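What follows is a short report on a single structure.
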6 protein chains.
Amino acid sequence: MSRIDGRTADQLRPVTIERGWSKHAEGSVLVSFGDTRVLCTASVTEGVPRWRRGSGEGWVTAEYAMLPRATNTRGDRESVRGKIGGRTHEISRLIGRSLRAVVDFRALGENTVVLDCDVLQADGGTRTAAITGAYVALADAVAWGRGRKLIKGRNEPLTGQVAAVSVGIVDGTPLLDLAYTEDVRAGTDMNVVCTDSGAFVEVQGTAEGAPFQRAELDALLDLAAGGCARLAEAQRAALAESA
Amino acid sequence: MSRIDGRTADQLRPVTIERGWSKHAEGSVLVSFGDTRVLCTASVTEGVPRWRRGSGEGWVTAEYAMLPRATNTRGDRESVRGKIGGRTHEISRLIGRSLRAVVDFRALGENTVVLDCDVLQADGGTRTAAITGAYVALADAVAWGRGRKLIKGRNEPLTGQVAAVSVGIVDGTPLLDLAYTEDVRAGTDMNVVCTDSGAFVEVQGTAEGAPFQRAELDALLDLAAGGCARLAEAQRAALAESA
Amino acid sequence: MSRIDGRTADQLRPVTIERGWSKHAEGSVLVSFGDTRVLCTASVTEGVPRWRRGSGEGWVTAEYAMLPRATNTRGDRESVRGKIGGRTHEISRLIGRSLRAVVDFRALGENTVVLDCDVLQADGGTRTAAITGAYVALADAVAWGRGRKLIKGRNEPLTGQVAAVSVGIVDGTPLLDLAYTEDVRAGTDMNVVCTDSGAFVEVQGTAEGAPFQRAELDALLDLAAGGCARLAEAQRAALAESA
Amino acid sequence: MSRIDGRTADQLRPVTIERGWSKHAEGSVLVSFGDTRVLCTASVTEGVPRWRRGSGEGWVTAEYAMLPRATNTRGDRESVRGKIGGRTHEISRLIGRSLRAVVDFRALGENTVVLDCDVLQADGGTRTAAITGAYVALADAVAWGRGRKLIKGRNEPLTGQVAAVSVGIVDGTPLLDLAYTEDVRAGTDMNVVCTDSGAFVEVQGTAEGAPFQRAELDALLDLAAGGCARLAEAQRAALAESA
Amino acid sequence: MSRIDGRTADQLRPVTIERGWSKHAEGSVLVSFGDTRVLCTASVTEGVPRWRRGSGEGWVTAEYAMLPRATNTRGDRESVRGKIGGRTHEISRLIGRSLRAVVDFRALGENTVVLDCDVLQADGGTRTAAITGAYVALADAVAWGRGRKLIKGRNEPLTGQVAAVSVGIVDGTPLLDLAYTEDVRAGTDMNVVCTDSGAFVEVQGTAEGAPFQRAELDALLDLAAGGCARLAEAQRAALAESA
Amino acid sequence: MSRIDGRTADQLRPVTIERGWSKHAEGSVLVSFGDTRVLCTASVTEGVPRWRRGSGEGWVTAEYAMLPRATNTRGDRESVRGKIGGRTHEISRLIGRSLRAVVDFRALGENTVVLDCDVLQADGGTRTAAITGAYVALADAVAWGRGRKLIKGRNEPLTGQVAAVSVGIVDGTPLLDLAYTEDVRAGTDMNVVCTDSGAFVEVQGTAEGAPFQRAELDALLDLAAGGCARLAEAQRAALAESA
C-alpha cells in the first residue's frame, strides 16, 4: 500500500530544523515536518517560580498555541474567547514534561526556560514537531546561558535529547508520522516521545475507532522508536551547524 | 517486596460500586478504589449539541472535578478561580473518549448523556475510578432511556464495557493500582483503559523520573490488562444486582 | 392539613449528622435534612488573609456549591461557565457570616478555617443544612487545632452553636423545614439562623408571591426558633459521639 | 440620645426623588437619601428572555453597581476585575425581586423592563434608596409603555408601590435609615422592603456583632414599617408632579 | 448651512463644569458638552504602581465607562459581560495619555491619581468632554494633595492645561464639537487634544466614509485648535470659582 | 544627521511582501519592514455577522496579536491571562477600519473576510506593517473568492489600495518608518494610513514627550504621505508577481 505522498509506512516526512529564526529569543527554531511548521522560541530568565525558590534548581515549561488560520478552517483565538481550550492545555503540558525529562535542574541553577511553540501551519503532528523543535531551541538557550555565565554550574544541564513522533493505524496498516489526511482516517493514534538512547518518555495512544490489540500496540511502538531515532539524528545535525 | 497496604504487586485495592446513589440522576454510582471515592452521575437529555443535529446520532461527554478538600491540602475551587485547570480538562476529555469507545451512537439516537465525575475523596487513581464507575452509571442511564422509550432503537447502544486502572514502576517494581503514596514515588506512571474483551482504548504512560525501557512498558501493560479484566467483572457484578 | 411526607407543620425532616466523613479534612460532616445531603469539610491553615495579618485574630469563611446533578435537572458547572452565580455567592456569604457569629477570633489566633459545603443531593433547605452541618465540622476542626496546639489560646474559640432552618407559608399555612416540592409552592420563604441560646443571627424572608403580613412573619419566626432549637440538640448529640 | 446629624431615632434623612433625569431612558430618577445618591433608569424593550417566551407575561429585572469613587476609598471596577462581586450580585437580585412583587406580569405583556441602579455617591442605605427610586422609574416607564401602546392590556401592570429602608441597632438603640457612620457601628443591620399597604416583601436582618433578641427584631420591624410608609408618600408626591 | 441645534460651524455646545460634585473624591467634576454629561472623579493615593516604585516619580491614569442607559439603547454592562470592550480600553488609554502630557511626575512625587470618567448621558463627544472635565478634577486633586502636604515638592505638578474637542466633516462641511446626530453622519471624525498653549497632544482622525484630503485635514485642525482654546478658558473660569 | 541603520530621514526600511505563505488561507502574506515580520492571513467565509444579515453587504474585520517572544522580553500570552489587552484591541480595530476604507461591501456580497495579523518578530511599526501586508492578503482573498464565484458581483470589491507607515520626531528631526530603538526615543509618534490616491484614512498622532506644534505635524504628514506612496508601489509589485 502506498501513502498519499508516496512514503513507505515507516518513512518520516521531510524534516527541517532552522535555528536562529528570531533575533530576540535565546534559542529559536522553525521546525517543519512536511507541511507542519512550528516556531519554537526559548526564553531564559533568571529566577524560578515561587514554589521552587531557594531550591537551587531551575525550571523548564512550555506553551503551545496555534495561529487562527494554521488550519484549513479558521479557529477562534483563545485570547478572544478568554480561555485556553482543553487540547491546548494538554499539549502544553506534554511538551513541558517531555523536555523536563532530559534536564538536570540542579545543573541549570535557579533559572527558568520557557518554550513557546506556535504552530504557523498545521498538517498533522504539530505536537511532535513542537517537541522535536523545542529541544533544539532549548539546547541553544542553554548554551547561550552557559556562555553568558548565567548558568554557572560545571555540569551540562541537558542529560540527553528528546524527540517525538506520531504513529497510527490507517486501514489496518501501522504508519509512521501521520499527515493530517491520514490522521483523520486513523483508527488508532499514538504520540510517542523518546530520548536519543531509545527509552520512552511518553506514550499516549488512543483508539479513535475500534479498540486496539496488544500486537498492534507493539507494532506502533516499534515504528515510533525508529522514527524518534532518525529525528534525534536530525537534531544533532542541526546543532552541529553554526547557528 | 510488600506494599504499604500489604497488597501484592498485581492486586487491586478493594473496589466498591454503589448504584442508585442519587435520587435525581438517570444513573448514579459511588465508586471507590480503596480510599478514592468518586460520585458518577449520568444525565440524559433529548437532543444533541448543535454540530451533531440531524445526524441521527447521539453524544456522550464527561466532566471531572475534585471537591476542594478531596485532597490532603485544600485546593482552590476552579469556579472561584474562574477557569478550568489543564489537569481537569485533560481528565474530562479522557473519560469522555473512553466511554465513547463503547457507544453505538446510532443506536443511542439523538440523545445526549453527560457523565459528571466528582471526586469526593482522593487517594490516587481518581481518573481510573471515575471511568470505571462512569461506565456503570452510563449503563443504568441507557437502560433508563430504553425503558422510557426515549432511546427508541432496537440495538443496544453499549457495545461493550470499559474500565481503567493505573500502573507504575515504584523502586524498580511494576505495581497495579497505585495509591497516592505509591504514585508520588513512581518513576513511571501509566493509565490504561480497556474494554471487557481485553482490547486497549487508551494507553497514557509518562516517565516522571528516568525514561522507561520497552521491557518495563510491556510488564506494565500486562499488569494493567489483568487489572482491567477484574474491574470489568466487578462492573458486571454490580449491574447484576437490582439497583 | 397533612404534608406531602406526612409531617406536621412544625416537624423537621429526619436529620442525620455523620462526622469524620473524609480522611483528609480537619473536620468533615455529611449532613442530611431528608433527601438533602451536603458534605461539609473544614480546612484549617495557619495564617490569615492579608488584610487581617498582625491583628492576632483568626478568620472563618465558607464556600457553597452544588454538584451539577444534585438537582432534578442538570445545571452547568460554574467552573465551566467561568463565573460564580449570584445565588452561590449569596449562600456562601450567608454561611460564612452565620458561623462567624459564634467565633471568638482572638481565641482562634491567626488561623483560618475554610468551610466547604458541597451539595451532593438537593431537596430544599440546602443552605440551612449546610450551616447546621458546617457548625459541627467547624467544631471538630477547632478541637483538632487545639489538640495539635495550633490554636494556642486558653479560651474556647467557639462561643456557642449555630444552626439554621427554612420556614414558609404554603397554601396559607406556616410550615417548618420545607422540602423542595413545598418550597416551590411557598408564597413566603424564610431562612432563619439562630444560636443555641435562641437569639437570631440572620433572618431572610422573601415574598415569592403575595407580600406577607406582620402576623405571618411572627408565626414563621416562632416556628423557626423551635426548629433551630431541635437542630442544636442534634448537633450536640452528634458531637457527643466519638468521631 | 441624639444622632450624628441631629435626627431622632425614627426619622428619615432628607429624601429627594428627581424624575426625568436622563433624556434617553423610558423612566429615570435621581434619588437621594441624605448624601446617598443613586441614578435609577428604566429601559423598556419588547420581548422577554428566552425561558419566558410565549407565556404572555413580561419580565422585570435589575442591575446595581457603584461608581468606583462613590465611596470614601476608591474601589476597583468590576468590569476591570472581570467579575461581579458577591455583594453586587446580591443587591441586584434583591432589587429585582422587590420590584417584581408589585408587577402583574400578564398586564405587562411580553415586555421587559430593566432597572439600572448606579450609585453615584454612597453614604449608607444605597440598596434601599435604589429600590425606592427604581419603583418611581419603573412607574414612569410603564406609563410610557402604556402611552405608546407597547403595553396593550387594559389592566395597570403595577399592583402597588414598593419602598425600602434600613434599620439597625446602634449602641443598643434601634434607629431608622442608617447613615454610613451609623451603619459601621451597628450591631444588627436590617433592610426591609414594604408595599404601600404595609405588607412585607423582604426582611433581611443580620447580626454584625452579638445575635439579636426577638424583642429587638420586633422594634426594628416597627421602625421600618413606619419609614417605608413615609417613603411611599414621597414616591406618590414625586409621581404627582408633571415629569 | 445651519446645524440641527442652530449653532454655527465653529461653535461649541454650551459647556458647564461643576466642581465639587462628590463629597468623597479629592477632585470631582460634572462636565457637560450640551447633553453629554460625564462625572469625572480624581482619587489620590500615596504610592505608585510596582514598576515605578523607587523612581521618585508619580503616576496618573484614567478609566472611562458608560452607564448602561447613557445611550439611546441600553448597552450591556461590561462587568456583567466579564470584559472591557475595545472602545472602552481605547478611550481610557487616550484620557490617561492626554492628562499625563501636562504632568511633571517628579513634582508629583510617588503619588498616584486615578481619574474615573463615567458617562451619565451620552450625546456625542463623550471622550472629549471626559478629558476636559478630568483635567479640572485633576487640578483640584493636585491642589488638595499640596494642601495636605502629601505632594511635597516645591514645583507645581501641572505644567499646563489640557482640553479636547471633536471635529468632523458633515455633508462636506467641517464642523466643531459634533452632537450624536451629526457624528453618525460625519464622513470624517477627528478628536483633538491640545494644551492651553495651542500645541497638540493627540490627533486622531478617521475616515468613516470617503478618505479625506490634506486640505480637509488642515481645516479640521484649525477648527479644533480654536475650540480647545475656548475650552481652556472655560476650565480657567471654573477653577477661578471657589469650589 | 544619520540614523542608526544609515537611512536618510525620509527613507523606508527594506520592505518585503511574500505572498502565498500559508497553504490553508485564501490569502496569506509574510510582510517585513526591516526586522519587523508579520504573518497576515485572510480567511473568507460565506455569510456575515448577525447584525448585517440580509443587507446584501459583506464585512471585513481584523485581529492583531504578538507571539510572546516577538519582542526583546517575553510577554505573557493574552490567552493565558484570559483577556485581550487594550493595545491589542486598539490595533485590531485600526487594521479593520483601515481595510474597510477601500472595500465596496455591496460588491463583496454577504461574505466575510477576517484578516489575522500575527507579529512573529517586532522591531517597531508592527501595526503599519500589518495594515500594508493585510491589504495584499485581502486582495488575494478577494481574487480567490471571485475566481470561485463565491463573490458573484460584477464590480471589483476593492476600490483602492491602503498602506500605512509610522513617522515621528526624534531629537527634533521628523523621521519616516521608525525602528524600535528610534520609536522609544521619539517625542511624537504618528501612524498614518493612506490610500494609493494619497488621501488619508487614519491619522493618529501622540505626543509622547512635549506636545507638538502645527508645523511639526505638517512635516510629519508630508513624510508619511511619501512613505505610503512607496509602500503602495511595493504592494502593486508584489501583486503583479504570480503567487
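No lab work stands behind these numbers, since they all come straight from the coordinates. Note that the structure is a prediction, hence the values are computed from the model and not measured. Every residue, glycine as well, gets a Cβ built from its backbone with ideal geometry; the counts of neighbours run over all protein chains shown.
The alpha-carbon of B:Lys83 sits under 21 angstrom from the alpha-carbons of these lysines, leaving out residues fewer than 8 places away in its chain: A:Lys83, C:Lys83, D:Lys83, E:Lys83, F:Lys83. Shielding value for C:85-92 is 5, the average number of Cβ atoms from other chains within 10 Å of each residue's Cβ. Which of the aspartates and glutamates could a cross-linker span from C:Lys152 if the Cα-Cα distance has to be under 18 Å and same-chain partners fewer than 8 positions apart are dropped? Counting by Cα, and skipping residues close in sequence, C:Lys152 has these aspartates and glutamates nearby: C:Glu26, C:Glu46, C:Glu57, C:Asp104, C:Glu110, C:Asp140. Against the longest principal axis of chain E, how steep is helix E:126-147, in degrees 0 to 90 to the nearest 10, with axes from Cα atoms? Once rounded, one gets 20 degrees. For a 4.7 Å threshold on C-beta separation, the list of partnerless cysteines in chain F reads F:Cys40, F:Cys117.
Identify the residues of the stretch A:76-108 with backbone N under 17 Å of a label point that sits 7 angstrom from the Cα of E:Asp76 along the Cα-to-Cβ direction, or state none. Within reach of a label on E:Asp76: A:77, A:79-83. With contacts taken as Cα pairs under 8 Å and at least 6 residues apart, chain A reaches a relative contact order of 21 percent. Loop-located trypsin sites (Lys or Arg not before Pro) in the stretch C:79-148 (DSSP state not H, G, I, E or B) with no more than 11 neighbouring Cβ atoms inside 10 Å: C:Arg148.
Taking the radius of gyration and the Kirkwood hydrodynamic radius from Cα positions alone, what is the Rg/Rh ratio for chain F, to two decimal places? List each step's numbers first, then the result.
On the way: Rg = 17.9 Å, Rh = 18.3 Å.
In chain F, Rg relative to Rh is 0.98.
Per-residue ellipticity at 222 nm from helix content only, as computed over chain C with -39500 (n - 2.57) for each DSSP H run of at least four residues, stands at -10000 deg cm²/dmol. Amide hydrogen proximity for B:Trp21: with H placed 1.01 Å from N in the peptide plane, the residues at 5 or more positions away or on another chain lying under 5 Å are B:Ser28, B:Val29, B:Leu30. Listed by chain and number, the lysines whose alpha-carbon sits under 29 Å from that of D:Lys149, ignoring those within fewer than 8 places in the same chain, are D:Lys23.
Counting Lys and Arg as +1 and Asp and Glu as -1, what is the net charge of the other residues whose Cβ lies under 12 Å from the Cβ of F:Leu223? Please report the intermediate quantities before stating the final value.
Values: positive: F:Arg230; negative: F:Asp10, F:Asp177, F:Glu216, F:Asp218, F:Asp222.
Charge balance in the 12 Å sphere: -4.
Each copy carries a label point for C:Arg185 at 7 Å from Cα along the beta-carbon vector; from one copy to the others these points are 5.0, 6.0, 6.4, 6.4, 8.4 nm apart, nearest first.
Could you tell me whether the protein assembly as shown comes out rounded, prolate or oblate from its Cα gyration tensor? Rule is a ≥ b ≥ c as square roots of the eigenvalues, rounded for a/c under 1.5, then prolate if a/b exceeds b/c, otherwise oblate. The partial results should precede the final answer.
Details: a/c = 1.64, a/b = 1.00, b/c = 1.64.
Oblate, since a/c reaches 1.5 and b/c is not below a/b.
Against the main long axis of the alpha-carbon atoms of chain A, helix A:86-100 sits at an angle near 60°. Distance to the F-onto-B rotation axis is smallest for one chain F Cβ; residue and value in angstrom are F:Gly82, 4. Using a 7 Å projection from Cα along Cα-to-Cβ, the label point at F:Thr61 is separated from the same position in the remaining copies by 2.2, 2.3, 2.8, 3.1, 3.7 nm, smallest value first. What does the charge count near D:Asp116 come to, summing +1 for each Lys or Arg and -1 for each Asp or Glu among other residues with Cβ under 12 Å from its Cβ? My count for the surroundings of D:Asp116 gives -1.
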